[in-house]
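Have a look at the structure below before the remarks.
Rule-based calculations on the coordinates, nothing more; no lab input. Please read all numbers here as calculations on a predicted model, not as lab measurements. Here the Cβ positions follow ideal geometry from the backbone for every residue, glycine too, while neighbour counts run over all protein chains shown.
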Amino acid sequence: MCYRINLGEYSMSKQPINLAIRFALEVVAIVSFGIWGYRSSDKWYGFLLALLLPLLFAVVWGVFAVPNDPSRSGKTVVPTPGLIRLLLELALFGAAAWMLFDLDFQKLGWIFSTVVLIHYATSYDRMVWLLKQTVGK
């Protein structure tokens, strides 16, 4: 017997578990930015960086988006081409991983990096969609 499975519009990037993992990665990245900012100085501006760096991450993450992105609300402040958005996400997650290693959280840095790679590999449908998106005039 041969069974065929019709996946139709099946999308790994929209699966609740994958979305939860993505959210957890975003939270870990924001916290990493804050801890790294705080520990970057013993002076008062370490506290300031602990507030500003996570805020910068959140603003960049939320403002620069691809219009009609199905993994988000679809709304955007600054319409961004898919390739640029993908590079932005990878840069922010890469920076968070670097910060974890710089903070000497080696194990957490490796776990975070591995989960980011697995997340993007399993969200291949979103990667293909992003790479096809351009922002017209």
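For ASP125, put the label point 7 Å out on the Cα→Cβ axis and report which residues of region 59-94 keep their amide N under 16 Å from it. Residues 69-72 qualify, since their backbone N sits under 16 Å from the label point. The stretch between SER73 and THR114 holds 12.1 nm of extra length on full extension. This uses 0.36 nm per residue minus the Cα-Cα distance. Annotation: amide H-H contacts under 5 Å for ALA65 (H modelled 1.01 Å from N, sequence separation of 5 or more, or interchain): VAL77, VAL78, THR80. Note that region 106-120 has calculated 3J(HN,Hα) couplings of 4, 4, 5, x, 5, 5, 4, 4, 5, 5, 4, 4, 5, 4, 5 Hz, one per residue in order, obtained from phi through the Karplus relation 6.51 cos²θ - 1.76 cosθ + 1.60 (θ = phi - 60°); glycine and proline are x.
Of the residues SER73, SER40, SER123, the one that moves most in a GNM of the chain with alpha-carbon contacts below 10 Å is SER73.
For region 29-75, applying the loop criterion from DSSP together with a ceiling of 15 other beta carbons within 10 Å to the chymotrypsin sites (Phe, Trp or Tyr not before Pro) yields no site. Note on SER41 and VAL135: the extension gain reaches 29.8 nm, defined as 0.36 nm multiplied by sequence separation minus the Cα-Cα distance. 3J(HN,Hα) along region 81-96: x, x, 4, 5, 4, 4, 5, 4, 4, 5, 5, 5, 5, x, 5, 5 Hz, from the Karplus curve 6.51 cos²θ - 1.76 cosθ + 1.60 with θ = phi - 60°, whole Hz, x for Gly and Pro. The calculated pair-distance distribution of region 72-137 uses every alpha carbon pair, bins of 10 angstrom beginning at 0, and gives 19, 42, 27, 11, 1 percent.
Give the Kirkwood hydrodynamic radius (Å, one decimal) of region 13-132, defined as one over the mean of 1/r across all pairs of different Cα atoms.
15.0 Å
So what is the calculated 222 nm ellipticity per residue for the chain, using -39500 (n - 2.57) for each DSSP H run with n of 4 or more, over all residues, to the nearest 500 deg cm²/dmol? Spell out each step's value before the answer.
On the way: 5 runs with 91 residues, N = 137.
Mean residue ellipticity at 222 nm (helix-derived): -22500 deg cm²/dmol.
In this simple spin-label approximation, ILE17 and TRP98 carry label points 7 Å from Cα along the Cα→Cβ vector, and these lie 3.3 nm apart.
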